[in-house]
Amino acid sequence: HFNQSVLLRLPKGSDPARVARALAALESRHESLRLRFGIDADGQPWQKIASEVATPALAVHAFTGKDAAQRMHEEINRVQRSLLPESGPIWHAAMFRLDDGNRLLLTIHHWAVDGVSWRIILEDLTSAHAQAGNPQATIKLPEVSQSFHDWSLALRDAAPHFMAQVDYWQRQMSAEVGTLPKLAQASAAALHERLILDFTLPPDKTKALFGDCHGAYRTRSDELLLAAWVRALTTVQGHPSCRLVLESHGRDALSETIDVSRTVGWFTAIYPLVFTLEGGDWSGHIRQVKETLRAVPGHGIGYGLLRYLAQAPGLSGRTG
């Protein structure tokens, strides 16, 4: 599955009917929770927003005893696999009654939600749940800023205005960069068979990364991490330049009339960026990565607009 999920602790004695009313209000307010998408008979992708609110039924499970946590996680995995992007629903909720209290699972296909969306969803769900205590009252949630549909139309209209960035993005695509050594069969390996490395920084290094390290060069944490990655990658490749595919939140204003600060959806902008390291000292490499990253126009949103909507020359092909 390709979902994002949260597991919330509910107040003791929470009423499932009250929770269900709050969830229905949430879907009614945010049209991205009614998205449908798939591939047509000609192999072309399609996307639409269902007009009717059809909130998935809230399943309630009671798990007790030593294996309660295991049984809950098995049910969570089942729920994660139950989404139906073409016909709906694109999200599900489940309530769990455990010995130490109640939990609420919310899982939403990533197509309909991003990191910023969760702040909006959780704020509105908290408000809706508080109001749902009165079954006779109408639940009122804050207005969305701009609809996901309107944002899509705004992207189409905005594309021609980004033509001044074509040369910049063409350079990112055409620059000579190093390549990683190829491993036999690596490109054909299924995603779940590929190697994933996880590590955790201890508290003292975490504190340094998010605070003490930035005084010298006025950097951000992501810039320091990226500098380390670029330095390692160029060393392995044996070439001073590398091309990475980066993401930004994609919610940058297209005009003064477009605001998606309270709109649920997936707005990520994905773009290629070439980093070139000169010299061998860490201080110079940190500066070079920081300056390259901060020089990206519009946080990268122009690349996708120019490639897919304006179909500007020189931007097709693999980005990484």
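The values are calculated or read from the model by the stated rules, or taken from the named source; none is laboratory data. The structure presented is a predicted model; accordingly, all values stated were derived computationally and were not measured. Cβ coordinates were reconstructed from backbone atoms using ideal geometry, including for glycine residues, and neighbour counts include every protein chain displayed. The protein model used for the area step is the full one, side chains on, heavy atoms only, and it has no ligands, DNA or RNA in it. Shrake-Rupley method; radii C 1.70, N 1.55, O 1.52, S 1.80 Å.
Quick look at the values:
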quantity	calculated
Kirkwood Rh in Å, taken over the range 204-320 so that all alpha-carbon pairs contribute	16.2 Å
For P(r) over Cα pairs in 10 Å bins from 0, in percent, calculated from these coordinates, the label among (i) 5, 19, 26, 26, 18, 6, 0; (ii) 6, 25, 34, 23, 10, 2, 0; (iii) 5, 21, 25, 19, 16, 10, 2	(i)
Whole-Hz couplings from phi, Karplus 6.51/-1.76/1.60, listed for the range 83-91; x for Gly and Pro	6, 10, x, 6, 10, x, x, 9, 8
Nearest 10 degrees, 0 to 90: helix 221-237 Cα axis against the chain principal axis	50 degrees
Value at 222 nm in deg cm²/dmol, rounded to 500, when DSSP H runs of n ≥ 4 in the chain each add -39,500 (n - 2.57)	-10000 deg cm²/dmol
Selection from S5, I76, M95, by position along the positive dipole direction of the range 1-120 (Cβ)	M95
Simple Cβ-charge dipole of the range 1-79, Lys/Arg +1 and Asp/Glu -1, about Cα centre, in debye nearest 20	420 debye
Within a Gaussian network of the chain (alpha carbon springs, distance under 10 Å), most fluctuating of L153, L277, L197	L197
Estimated dipole of the range 165-320 in Debye, rounded to 20 [Cβ of Lys and Arg +1, of Asp and Glu -1, Cα centre]	140 debye
Placed amide H near L10: partners under 5 Å, 5+ positions off or other chain	N102, R103, L104
Gyration tensor (alpha-carbon) shape descriptor, the range 42-196, a/c threshold 1.5	oblate
Computed magnitude of the charge dipole of the chain (debye, nearest 20; Cβ of K, R +1, Cβ of D, E -1)	440 debye
Leading residue at positive end of dipole, the range 156-296 (Cβ point charges), from V245, A158, F199	F199
Two-site FRET efficiency, E52 against W282, from Cβ-Cβ distance with R₀ of 51 Å, rounded to 0.05	0.35
Cα long-axis angle, helix 68-80 against the chain (0 to 90 degrees, to the nearest 10)	70 degrees
Stretch gain in nm, segment E291-A137, where the contour uses 0.36 nm per residue and the Cα spacing is subtracted	50.1 nm
Extension gain (nm, one decimal) between K207 and D157, 0.36 nm per residue minus Cα-Cα	13.6 nm
Point-to-point label distance, E193-L225, nm (Cα→Cβ direction, 7 Å offset)	2.9 nm
Per residue accessible area of the range 235-319, 1.4 Å probe, in Å²	50 Å²
Inter-part distance where the range 281-320 and the range 85-105 are each reduced to a Cα centre, Å	39 Å
Portion, in percent, of the accessible area of the range 94-238 that falls on carbon or sulfur, probe 1.4 Å	59 percent
Linear extension gain, Q80 paired with Q170, 0.36 nm per residue minus alpha-carbon span	28.4 nm
